[in-house]
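Data first, discussion second: the structure below is written as C-alpha coordinates.
The values are calculated or read from the model by the stated rules, or taken from the named source; none is laboratory data. Predicted model only: the values in this text are computed from it and were never measured. Don't worry about glycine lacking a Cβ; one is built from the backbone with ideal geometry, like all the others, and counts go over all protein chains shown.
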Amino acid sequence: GIQVEQSPPDLILQEGANSTLRCNFSDSVNNLQWFHQNPWGQLINLFYIPSGTKQNGRLSATTVATERYSLLYISSSQTTDSGVYFCAVVGVGGFQKLVFGTGTRLLVSP
Amino acid sequence: DTGVSQDPRHKITKRGQNVTFRCDPISEHNRLYWYRQTLGQGPEFLTYFQNEAQLEKSRLLSDRFSAERPKGSFSTLEIQRTEQGDSAMYLCASRQLRPGLAGGTDTQYFGPGTRLTVL
(Lines give C-alpha, C1' and ligand atoms only; values in the text may rest on other atoms or scores of the structure.)
Protein backbone atom coordinates (compact mmCIF):
# COMPACT_ATOMS: atom_id res chain seq x y z
CA GLY A 1 0.00 0.00 0.00
CA ILE A 2 0.89 3.67 -0.18
CA GLN A 3 3.56 4.90 2.24
CA VAL A 4 3.59 8.35 3.86
CA GLU A 5 6.69 9.83 5.46
CA GLN A 6 6.84 13.07 7.39
CA SER A 7 9.82 15.15 8.39
CA PRO A 8 11.13 16.29 10.70
CA PRO A 9 9.74 14.00 13.40
CA ASP A 10 10.26 16.65 16.08
CA LEU A 11 10.60 20.41 15.88
CA ILE A 12 11.22 22.95 18.62
CA LEU A 13 10.71 26.63 17.84
CA GLN A 14 10.64 29.90 19.65
CA GLU A 15 7.50 31.93 19.35
CA GLY A 16 7.55 34.03 16.21
CA ALA A 17 9.70 31.66 14.16
CA ASN A 18 8.68 30.15 10.83
CA SER A 19 8.76 26.47 9.95
CA THR A 20 8.24 24.06 7.07
CA LEU A 21 6.90 20.53 7.52
CA ARG A 22 7.26 18.01 4.74
CA CYS A 23 5.17 15.02 3.65
CA ASN A 24 6.40 12.52 1.05
CA PHE A 25 4.11 9.86 -0.37
CA SER A 26 4.99 6.85 -2.45
CA ASP A 27 2.21 6.81 -5.07
CA SER A 28 -0.45 8.91 -6.78
CA VAL A 29 -3.15 10.27 -4.50
CA ASN A 30 -6.78 11.34 -4.80
CA ASN A 31 -6.87 13.15 -1.50
CA LEU A 32 -4.33 14.78 0.80
CA GLN A 33 -5.22 16.40 4.08
CA TRP A 34 -3.16 18.14 6.75
CA PHE A 35 -4.31 17.91 10.35
CA HIS A 36 -3.28 19.39 13.68
CA GLN A 37 -3.84 17.09 16.64
CA ASN A 38 -4.29 19.04 19.83
CA PRO A 39 -3.22 17.80 23.29
CA TRP A 40 -6.71 16.31 23.85
CA GLY A 41 -6.41 14.18 20.74
CA GLN A 42 -8.80 16.08 18.48
CA LEU A 43 -7.77 16.06 14.82
CA ILE A 44 -8.38 19.51 13.39
CA ASN A 45 -8.59 19.91 9.64
CA LEU A 46 -6.07 22.37 8.29
CA PHE A 47 -6.13 21.81 4.54
CA TYR A 48 -7.63 19.57 1.90
CA ILE A 49 -4.95 19.88 -0.77
CA PRO A 50 -4.42 17.02 -3.26
CA SER A 51 -2.65 19.55 -5.50
CA GLY A 52 -1.82 23.23 -5.67
CA THR A 53 -1.39 25.86 -2.99
CA LYS A 54 -3.72 27.17 -0.29
CA GLN A 55 -3.38 29.70 2.48
CA ASN A 56 -5.31 30.20 5.68
CA GLY A 57 -3.99 32.96 7.90
CA ARG A 58 -0.51 32.09 9.14
CA LEU A 59 -0.67 28.64 7.57
CA SER A 60 -0.20 27.69 3.97
CA ALA A 61 0.27 24.42 2.13
CA THR A 62 1.58 23.32 -1.23
CA THR A 63 1.23 19.90 -2.84
CA VAL A 64 3.26 18.94 -5.90
CA ALA A 65 1.41 15.80 -6.89
CA THR A 66 3.72 14.92 -9.79
CA GLU A 67 6.69 14.85 -7.40
CA ARG A 68 4.72 13.22 -4.58
CA TYR A 69 5.24 15.66 -1.77
CA SER A 70 3.42 18.29 0.21
CA LEU A 71 4.68 21.10 2.42
CA LEU A 72 2.99 22.85 5.31
CA TYR A 73 4.29 26.30 6.21
CA ILE A 74 3.71 27.87 9.60
CA SER A 75 4.67 31.52 9.89
CA SER A 76 5.03 33.60 13.06
CA SER A 77 4.45 30.53 15.22
CA GLN A 78 2.50 30.80 18.47
CA THR A 79 2.45 28.53 21.53
CA THR A 80 -1.02 27.39 20.51
CA ASP A 81 0.50 25.89 17.36
CA SER A 82 2.13 23.19 19.52
CA GLY A 83 0.93 19.66 18.92
CA VAL A 84 1.32 16.97 16.30
CA TYR A 85 0.85 17.67 12.61
CA PHE A 86 -0.28 14.82 10.41
CA CYS A 87 -0.35 14.44 6.68
CA ALA A 88 -2.83 11.85 5.38
CA VAL A 89 -3.52 10.63 1.87
CA VAL A 90 -5.96 8.48 -0.06
CA GLY A 91 -4.11 6.55 -2.73
CA VAL A 92 -5.64 6.02 -6.15
CA GLY A 93 -7.74 2.90 -5.70
CA GLY A 94 -7.40 3.35 -1.95
CA PHE A 95 -11.12 2.95 -1.33
CA GLN A 96 -11.41 6.24 0.50
CA LYS A 97 -9.30 5.27 3.53
CA LEU A 98 -6.85 7.85 4.75
CA VAL A 99 -3.27 6.63 5.26
CA PHE A 100 -1.50 8.76 7.84
CA GLY A 101 2.15 9.59 8.27
CA THR A 102 3.79 9.29 11.68
CA GLY A 103 3.49 13.01 12.26
CA THR A 104 5.68 15.96 13.18
CA ARG A 105 5.62 16.91 16.85
CA LEU A 106 5.92 20.69 17.18
CA LEU A 107 6.71 22.51 20.38
CA VAL A 108 6.60 26.30 20.33
CA SER A 109 8.13 27.90 23.41
CA PRO A 110 7.39 31.46 24.57
CA ASP B 1 -22.40 23.77 13.21
CA THR B 2 -22.55 20.27 14.68
CA GLY B 3 -19.49 18.23 13.91
CA VAL B 4 -18.82 14.55 14.41
CA SER B 5 -19.55 13.45 17.97
CA GLN B 6 -18.36 10.37 19.83
CA ASP B 7 -19.43 8.80 23.08
CA PRO B 8 -17.97 8.08 25.56
CA ARG B 9 -14.88 10.25 25.46
CA HIS B 10 -13.03 7.99 27.86
CA LYS B 11 -13.52 4.36 28.80
CA ILE B 12 -11.58 2.31 31.33
CA THR B 13 -12.32 -1.39 31.42
CA LYS B 14 -10.86 -4.61 32.70
CA ARG B 15 -9.38 -7.19 30.38
CA GLY B 16 -12.02 -9.58 29.10
CA GLN B 17 -14.92 -7.12 29.28
CA ASN B 18 -16.91 -5.97 26.25
CA VAL B 19 -17.10 -2.30 25.30
CA THR B 20 -19.18 -0.36 22.78
CA PHE B 21 -18.50 3.08 21.33
CA ARG B 22 -20.86 5.33 19.42
CA CYS B 23 -20.24 7.79 16.62
CA ASP B 24 -22.70 10.35 15.26
CA PRO B 25 -21.51 11.76 11.92
CA ILE B 26 -22.27 15.14 10.42
CA SER B 27 -25.90 14.88 9.39
CA GLU B 28 -25.60 15.11 5.60
CA HIS B 29 -22.56 12.82 5.42
CA ASN B 30 -23.27 9.32 4.19
CA ARG B 31 -19.74 7.92 4.53
CA LEU B 32 -18.48 7.02 8.00
CA TYR B 33 -15.02 5.77 8.96
CA TRP B 34 -13.41 4.25 12.05
CA TYR B 35 -9.70 4.62 12.80
CA ARG B 36 -7.51 3.56 15.71
CA GLN B 37 -4.54 5.50 17.05
CA THR B 38 -1.96 4.09 19.45
CA LEU B 39 0.51 6.19 21.38
CA GLY B 40 3.06 7.94 19.19
CA GLN B 41 1.55 6.74 15.93
CA GLY B 42 -0.74 8.16 13.30
CA PRO B 43 -4.31 6.88 13.06
CA GLU B 44 -4.85 3.61 11.20
CA PHE B 45 -7.94 2.73 9.18
CA LEU B 46 -10.28 0.10 10.62
CA THR B 47 -13.46 0.14 8.53
CA TYR B 48 -15.88 2.32 6.61
CA PHE B 49 -19.57 2.52 5.76
CA GLN B 50 -21.51 4.01 2.93
CA ASN B 51 -24.99 4.45 4.35
CA GLU B 52 -25.62 1.19 6.24
CA ALA B 53 -23.31 -0.94 4.11
CA GLN B 54 -19.89 -1.83 5.52
CA LEU B 55 -17.69 -1.65 2.43
CA GLU B 56 -14.19 -2.35 3.70
CA LYS B 57 -12.56 -3.78 6.79
CA SER B 58 -8.88 -3.64 7.68
CA ARG B 59 -6.92 -6.69 8.76
CA LEU B 60 -6.55 -4.82 12.07
CA LEU B 61 -10.22 -5.54 12.71
CA SER B 62 -10.01 -8.95 14.35
CA ASP B 63 -13.00 -11.21 15.01
CA ARG B 64 -13.43 -9.54 18.38
CA PHE B 65 -14.32 -6.26 16.69
CA SER B 66 -17.65 -5.54 15.07
CA ALA B 67 -19.04 -2.33 13.64
CA GLU B 68 -22.57 -1.47 12.62
CA ARG B 69 -24.47 1.40 11.13
CA PRO B 70 -28.01 0.05 11.21
CA LYS B 71 -29.95 3.00 9.81
CA GLY B 72 -27.20 4.72 7.91
CA SER B 73 -26.88 7.41 10.57
CA PHE B 74 -24.93 6.73 13.78
CA SER B 75 -22.46 3.87 14.05
CA THR B 76 -21.29 1.62 16.87
CA LEU B 77 -17.97 -0.15 17.32
CA GLU B 78 -17.95 -3.07 19.74
CA ILE B 79 -14.89 -4.83 21.09
CA GLN B 80 -15.50 -8.18 22.76
CA ARG B 81 -13.18 -9.76 25.32
CA THR B 82 -10.93 -6.73 25.43
CA GLU B 83 -7.17 -7.16 25.65
CA GLN B 84 -4.53 -4.74 26.87
CA GLY B 85 -3.38 -4.31 23.30
CA ASP B 86 -6.75 -2.78 22.46
CA SER B 87 -5.86 0.29 24.51
CA ALA B 88 -5.90 3.16 22.03
CA MET B 89 -7.81 6.19 20.83
CA TYR B 90 -10.71 5.20 18.58
CA LEU B 91 -11.56 7.91 16.06
CA CYS B 92 -14.59 8.31 13.87
CA ALA B 93 -14.75 10.44 10.72
CA SER B 94 -17.41 11.28 8.17
CA ARG B 95 -17.49 12.57 4.61
CA GLN B 96 -20.23 13.98 2.45
CA LEU B 97 -22.06 11.99 -0.19
CA ARG B 98 -20.98 13.54 -3.43
CA PRO B 99 -17.84 15.62 -3.39
CA GLY B 100 -17.74 17.92 -6.33
CA LEU B 101 -21.38 18.93 -6.03
CA ALA B 102 -21.99 22.32 -4.47
CA GLY B 103 -18.25 22.75 -3.97
CA GLY B 104 -17.84 19.63 -1.90
CA THR B 105 -14.57 17.78 -1.44
CA ASP B 106 -13.29 14.46 -0.20
CA THR B 107 -12.49 15.99 3.17
CA GLN B 108 -12.94 13.65 6.13
CA TYR B 109 -13.98 15.33 9.38
CA PHE B 110 -12.98 13.68 12.64
CA GLY B 111 -14.71 13.43 15.97
CA PRO B 112 -12.97 13.96 19.32
CA GLY B 113 -12.28 10.25 19.76
CA THR B 114 -12.88 7.68 22.50
CA ARG B 115 -9.81 6.89 24.58
CA LEU B 116 -9.91 3.26 25.70
CA THR B 117 -7.75 1.94 28.52
CA VAL B 118 -7.80 -1.79 29.19
CA LEU B 119 -6.41 -2.75 32.60
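Looking at segment B:91-102, which of the residues that are away from chain A (no Cβ under 11 Å) and either of a type in the set (Lys, Arg) or touching a Lys or Arg at 6+ places or on another chain (Cβ under 9 Å) (or both) is surrounded by the most Cβ atoms within 10 Å (Cβ to Cβ)?
Out of the qualifying residues, it is B:94.
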Report summary line: When segment A:20-46 is checked residue by residue, the ones that are more than 9 Å from chain B (Cβ to nearest Cβ) and crowded, with 18+ Cβ neighbours inside 10 Å are A:21, A:23, A:25, A:29, A:32, A:34, A:36, A:46
Query raised in the report: Which residues, taken from segment B:44-53, are over 12 Å from the mean Cα position of the chain (by Cα), part of a strand (DSSP E or B) and among the polar types (S, T, N, Q)?
Result: B:50
Query - Criterion (buried (at least 16 other Cβ atoms within 10 Å of the Cβ) and of a type in the set (Gly, Ala, Ser)) met by exactly one of B:88, B:53 - result: B:88
Query raised in the report: Just checking, which of A:54, A:97 is out of contact with any His (no Cβ under 6 Å at 6 or more places or on another chain), assigned to a strand (DSSP E or B) and not hydroxyl-bearing (Ser, Thr, Tyr)?
Result: A:54
**Report entry** Positions within segment A:9-28 being over 15 Å from the mean Cα position of the chain (by Cα) and not hydroxyl-bearing (Ser, Thr, Tyr), in sequence order
**Finding:** A:12, A:13, A:14, A:15, A:16, A:17, A:27
Query raised in the report: Does residue A:70 satisfy the criteria of being surrounded by 20 or more Cβ atoms within 10 Å (Cβ to Cβ) and not in a strand (DSSP E or B)?
Result: no
Report summary line: Checked segment B:10-43 for anything of a type in the set (S, T, N, Q), under 16 Å from the mean Cα position of the chain (by Cα) and closer than 11 Å to residue B:89 by Cα; matches are B:37, B:38
Query raised in the report: Can you pull out the residues in segment A:9-33 that are within 21 Å of residue B:109 (Cβ to Cβ) and polar (S, T, N, Q)?
Result: A:30, A:31, A:33
**Report entry** Residue match in segment B:67-90 (condition: touching a strand residue (DSSP E or B) at 6+ places or on another chain (Cβ under 6 Å) and within 9 Å of chain A (Cβ to nearest Cβ))
**Finding:** yes
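For segment B:53-66, indicate whether the set of residues that are touching a strand residue (DSSP E or B) at 6+ places or on another chain (Cβ under 8 Å), farther than 19 Å from residue B:116 by Cα and more than 10 Å from chain A (Cβ to nearest Cβ) is non-empty.
Here is the first cut: in segment B:53-66, the residues touching a strand residue (DSSP E or B) at 6+ places or on another chain (Cβ under 8 Å) are B:54-58, B:60-61, B:64-66.
Narrowing further to those that are farther than 19 Å from residue B:116 by Cα: B:54-58.
Imposing the further condition that a residue be more than 10 Å from chain A (Cβ to nearest Cβ) reduces the set to B:54, B:57.
The answer is yes, given that some residue of segment B:53-66 is touching a strand residue (DSSP E or B) at 6+ places or on another chain (Cβ under 8 Å), farther than 19 Å from residue B:116 by Cα and more than 10 Å from chain A (Cβ to nearest Cβ).
Could you tell me whether residue A:80 is in a strand (DSSP E or B) and either in contact with a Gly (Cβ under 9 Å, 6 or more places away or on another chain) or surrounded by fewer than 21 Cβ atoms within 10 Å (Cβ to Cβ) (or both)? Give the derivation first.
Details: in a strand (DSSP E or B): no; either in contact with a Gly (Cβ under 9 Å, 6 or more places away or on another chain) or surrounded by fewer than 21 Cβ atoms within 10 Å (Cβ to Cβ) (or both): yes.
No, not satisfied.
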Query raised in the report: Can you tell me how many residues in segment B:59-85 are assigned to a loop (DSSP other than H, G, I, E, B), at pLDDT 95 or above and surrounded by fewer than 20 Cβ atoms within 10 Å (Cβ to Cβ)?
Result: 5
Query raised in the report: Does segment B:111-119 contain at least one residue that is over 22 Å from residue B:42 (Cβ atoms), away from chain A (no Cβ under 11 Å) and modelled with pLDDT of 95 or more?
Result: yes
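State whether the residues of segment A:59-66 include one that is among the polar types (S, T, N, Q) and under 19 Å from residue B:35 (Cα atoms).
Among the residues of segment A:59-66, not one is among the polar types (S, T, N, Q) and under 19 Å from residue B:35 (Cα atoms), which makes the answer no.
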